[in-house]
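Student: For reference, the structure I am asking about is given below.
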Amino acid sequence: MAKIGKTLLKLDNVTMKFGGVTALNGVNLEVKEGEILALIGPNGAGKTTVFNVITGVYKQTSGIVNFDGISLGNQKRYQVTALGVARTFQNIRLWGDMTALENVITATDVHKKSGLVGALFGLPRARREEAENRERAMEILRFIGIDEYSDRLAKNLPYGVQRRLEIARALGTSPKLVLLDEPAAGFNPAEKVELAATIKKVRDAGYTVLLIEHDMSLIMGISDRVVVLDFGTKIADDIPSVVQNDPRVIEAYLGVPADAS
Amino acid sequence: MFSVLIDQFWSLTIAGVALGFIYVLVSLGYTMVYGVLRMINFANSEIFMWGTFGTIVTSRDIFGYTQTSAPATGGKLALVLISQLLMSMAVAGVTAIFVEYVAYRRLRAKGTNRLATLISAIGISIVLSELMRLLTDSRPVGSPRVLEKIILTEVWGANIRLDTVVTIFAAALIYFLLERFVKLSRMGKAIRAVSMNEDAAKLMGVNLNRVITTTFLVGGLATGAAGFFYITVFEYTKFNIGFTMGMAAFTAAVLGGIGNIRGAFFGGLFLGLLEVYASAVLGTQWKAVTVFIVLVLVLLFKPNGLFGEAVQTTRA
Amino acid sequence: MKIRNYWNLRDFGASIWENAGRPMRVAIVLISILLVGLLPFMGGSFLATPIASFDAVLVYPVGMFVLMSLGLNIVVGKSGMLDLGYVAFFAIGAYTMAILGTTTKLNTWEIMPIGIAFAMIAGVLLGIPTLRLRGDYLAIVTLGFGEIVRLVVLNSTWSKGPNGIANIPMPPHFGPLKFELENQRLFFWVVMAMILLTIWMIRRLTVRRPGRAWEAIRQDEDAAELMGVHTLKYKIWSFTLGAAVGGAAGVLYASKNLYIAPEMFTLNVSILILACVVFGGIGNIWGVIIGATILGYLPDRIRFISDARLLVFGLVLVIVMNFRPDGLLPRKKREKAIVKKGANA
Ligand SMILES: Nc1ncnc2c1ncn2[C@@H]1O[C@H](COP(=O)(O)OP(=O)(O)OP(=O)(O)O)[C@@H](O)[C@H]1O
Ligand SMILES: [Mg+2]
């Protein structure tokens, strides 16, 4: 089991407004190296928005996002990825007309140097990098346990495999931090157990994980810490067993004060 | 070079405002469709061109005017002008619905990618202009003069002509009516609901296909009205006039913020004035180039336009 | 291999190719090149064209259309961006040839790289402001750009305005082989060589990183950028390479036609080329080649079409997009990694 280390990602008083809607309201969040941090909250709480702000899809209205000592405010999206943040999407966004392997290889390109000229003339570095990428991508598919699908087009893969391929593709960018947006959505209990094991395995391989998930039992089983959002505000941040019994959290989920029930 | 601009400033300004109002109406065709579909109506320029032919056919073939007949007066004048306007709007409106039906609807139902729709739209606009080219044998078509270009008065050395006055006031009225329609009518509200959030509008029970068809129709009617005013002022049309008009009106729409009706108003007027001034200074052959440069500059520095939505929106 | 594949031209061709060994592949390529290279000698056959001589038709429109369609396909097919002003790059190449050819001592082959460079520079300059925006904007801005280049040429003195530029030199001869107007075989072979070079370039790029980047951008640009693809850079590359091919075609066209004028570079050219790409199959090199060949050749063979050529092409765009968006030969959708083939390409 990986040791939990220094702070990798820090959101400092981040607010995100869409017109009149305040999706995030002064959120503070820290992710430490080597941990699995779960981000939970009712629908529309602003969980995906946290991911979108971190990865540069949206520019926060105010506040600072700091990753590994660098402020992400002025980074372009592809630069954020190059710095070591990768994500999956709540509604799967694979490149459907590419094979599973190609999806991952495309992600591995981010840290490579060769470009158009190398590709055109088949320069040695380009050839070497192509070979490295293919090998690395295959390795990741094996690691996630979907290597048998490597040559299938992403859009033809079974749903569960597509969800896993999203994780594989994110790992393809060799990130320090992986953001998983409801990776178990639509899974049956058996599949969820399997996925929980995979996420643990990912963490144990040295990646830090920030996980959005609705299923409490999955979260309780694997996460080191849980952060709860409600209407864009952080209402809890603690180890799972404490969060689970926090009256504010129960209220947020059930919509009634805990002691009234 | 600039002396022309200074000497004739006021007459240029009046011409610019008249041209500007024509642009306002054509850019409504772009802006409204963009609002609901988030897609450029490539054929709007050809819808306009068909409208101009509707105008000429009315005076020439229905009322029997020729290049040599005397301009109309009194009640007859009003009758002919209004028929021309209605005909132009009807032709353009029908063409717009046809475009939506043939080029957009099927692809939307299938949910194909944007590229396919764009190509289909550009295809239909080529078909419309080529059809007219073959019908008119590539020749320009002059319009018999129905409205005499009387000089009403002179202000600051500028002649105020009847056709310009009619264009400015009637176009402004039509713009105003359309804006009211979108603001106040049930259908107008549905159109705005769809432009703001398609999914939410659908959940609220808006019939998407009807909204889209209506939007094309309304945009087509505005564009058709512009065709009538264009003929009143310039008295000539050709199968290929749509292109320049389309570029200018689209630029006006982007300048004002595409998808935004009020934006089309300001963008259109601005562009009309700019074009007239620029032609006076640089020569008319450069006006299309000026318009294009404005378009690129706007996209480069203010892609959301003056009042508009974000052009670059992405969701994840 | 399933029987059904015999009815699917693309898969049929692909399966032959994949089952062939290296010597077999070399043989297939050489024989194909030889057969196509012999086409100019078929002038007397059923292929003959009524108005223009057959070998002239093979050079223009057929050969040039194929070349330009391949160039446009890099932009439209590979990275999914609609460029409606492709004629601009063709015009830039042609005018570079015309002006340098008539005012300097440079010959066609020396002007070729200059013309390509100018087209590419124009591509970058146009690409930077527009490629950041949504696809529709690129379409309309390029549409405007194509017309603007024509207007500038029409209204400038350096380009001799509407009179155009005459007396453009032919390419110098290759040893005993001389370029001549009556017999355009040599031009055809040059176009063929340029086509082969373009195919080589596209294939090289598509099996490696740039091709993957383009493919990712085409399918889901946001996802591509979030997975670390420098989307703007690759879009500009795609746009610029397309421009380069258009520029090269322009240089050769001017040097073959010996006279150019603004009216040769209207929007219609862009639409014709787009129709070729769409008809054959967006994104599929072989489809594009077949599409361009058919659409280039038919109007010269059948007079009726030649009058209403553009109308027909407009209809092609609408009908193909609505009923067979993949065109004649759909882009590769077989479950076979592009990358794997790249290993031995
Ligand atoms: N691009 C946007 N424009 C306007 N509002 C937005 C946008 N993105 C998110 N929102 C709003 O922000 C709020 C938070 O949305 P978000 O997607 O982050 O929720 P979530 O916690 O991920 O919910 P879910 O569990 O349903 O995925 C919602 O009210 C949503 O409508
Ligand atoms: Mg979410």
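Student: Among the residues of the range A:203-220, write down those that are part of a helix (DSSP H, G or I) and open to solvent by less than 10 Å² (accessible area, probe 1.4 Å).
Tutor: Correct list: A:R203, A:I219.
Student: Being open to solvent by 30 Å² or more (accessible area, probe 1.4 Å), more than 14 Å from ligand 1 (Cβ to nearest atom), touching a residue at least 60 places away in the same chain (Cβ under 8 Å) and part of a strand (DSSP E or B) is the filter here; which residues of the range A:1-37 pass it?
Tutor: A:N28, A:K32
Student: Sticking with this one: So, in the range A:221-238, how many residues would count as being within 16 Å of ligand 2 (Cβ to nearest atom) and among the aliphatic types (A, V, I, L, M)?
Tutor: Residues flagged as within 16 Å of ligand 2 (Cβ to nearest atom) and among the aliphatic types (A, V, I, L, M) within the range A:221-238 amount to 3.
Student: Right, here's the next one. So which of A:S217, A:S174 ends up being over 30 Å from A:Q79 (Cβ atoms), away from ligand 2 (no atom under 16 Å from the Cβ) and among the polar types (S, T, N, Q)?
Tutor: Unique residue meeting the criteria: A:S217.
Student: Which pairs do you get when a residue that is within 14 Å of chain A (Cβ to nearest Cβ), found in the range C:182-204, comes within reach of a residue that is of a type in the set (V, I, T), reach meaning Cβ atoms under 7 angstrom, with the pair 6+ apart or on two chains?
Tutor: Pairs that qualify, where the first residue is within 14 Å of chain A (Cβ to nearest Cβ) and the partner is of a type in the set (V, I, T), are C:T198/C:V245; C:I199/C:I285; C:I202/C:I74; C:I202/C:I285.
Student: Which residue is farthest from ligand 1 (Cβ to nearest atom), if the candidates are limited to the range A:66-81 and must be among the hydrophobic types (A, V, I, L, M, F, W, C) and away from chain C (no Cβ under 14 Å)?
Tutor: Within the range A:66-81, the match that is farthest from ligand 1 (Cβ to nearest atom) is A:I70.
Student: Could you pull out every one of the helices (runs of 4 or more DSSP H) wholly within the range B:1-100 that has 3 or more residues that are at pLDDT 85 or above?
Tutor: So the answer is B:9-37, B:44-57, B:74-99.
Student: So how many residues does the range A:157-180 have that are within 9 Å of another protein chain (Cβ to nearest Cβ) and more than 10 Å from A:A100 (Cα to Cα)?
Tutor: Qualifying residue count for the region: 3.
Student: Restricting to the range C:135-168, give me the number of residues that are more than 14 Å from chain B (Cβ to nearest Cβ) and touching a Ser or Thr at 6+ places or on another chain (Cβ under 7 Å).
Tutor: Residues flagged as more than 14 Å from chain B (Cβ to nearest Cβ) and touching a Ser or Thr at 6+ places or on another chain (Cβ under 7 Å) within the range C:135-168 amount to 3.
Student: One residue is enough: does the range A:89-103 have a residue meeting the conditions facing chain C (nearest Cβ under 8 Å), away from ligand 2 (no atom under 16 Å from the Cβ) and open to solvent by 50 Å² or more (accessible area, probe 1.4 Å)?
Tutor: No, every residue in the range A:89-103 fails to be facing chain C (nearest Cβ under 8 Å), away from ligand 2 (no atom under 16 Å from the Cβ) and open to solvent by 50 Å² or more (accessible area, probe 1.4 Å).
A quick yes/no check of all residues on (1) open to solvent by 50 Å² or more (accessible area, probe 1.4 Å); (2) in contact (Cβ under 8 Å) with a residue 12 or more places away in the chain; (3) of a type in the set (S, T, Y):
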site	(1), (2), (3)
C:F89	no, yes, no
C:I92	no, yes, no
C:K105	yes, no, no
C:T108	no, yes, yes
C:G115	no, yes, no
C:V152	no, no, no
C:W158	yes, yes, no
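Student: What's the total number of residues in the range A:41-54 that are closer than 24 Å to A:G221 by Cα and either more than 9 Å from ligand 1 (Cβ to nearest atom) or assigned to a helix (DSSP H, G or I) (or both)?
Tutor: 4
Student: Now, a different point. Of all the residues that make up the range A:50-60, how many are free of Cβ contacts under 8 Å to residues at least 60 places away in the same chain and within 11 Å of ligand 2 (Cβ to nearest atom)?
Tutor: Final tally of qualifying residues: 1.
Student: Quick one: which of A:G19, A:G34, A:G63 is more than 16 Å from ligand 2 (Cβ to nearest atom), within 13 Å of chain B (Cβ to nearest Cβ) and either within 16 Å of the chain's Cα centre (by Cα) or of a type outside the set (S, T, Y) (or both)?
Tutor: Only one candidate qualifies: A:G19.
Student: Name the residue, out of C:T130, C:T102, that is closer than 27 Å to C:D326 by Cα and hydroxyl-bearing (S, T, Y).
Tutor: C:T130 is the lone residue from the list that is closer than 27 Å to C:D326 by Cα and hydroxyl-bearing (S, T, Y).
The values are calculated or read from the model by the stated rules, or taken from the named source; none is laboratory data. What you see is a predicted model; the values in this text were computed from it and never measured. Using ideal geometry, Cβ is built from the backbone for each residue, glycine included, and neighbour counts are taken over all protein chains shown. Accessible surface areas use protein heavy atoms only, side chains included; no ligands, DNA or RNA. Shrake-Rupley method; radii C 1.70, N 1.55, O 1.52, S 1.80 Å.
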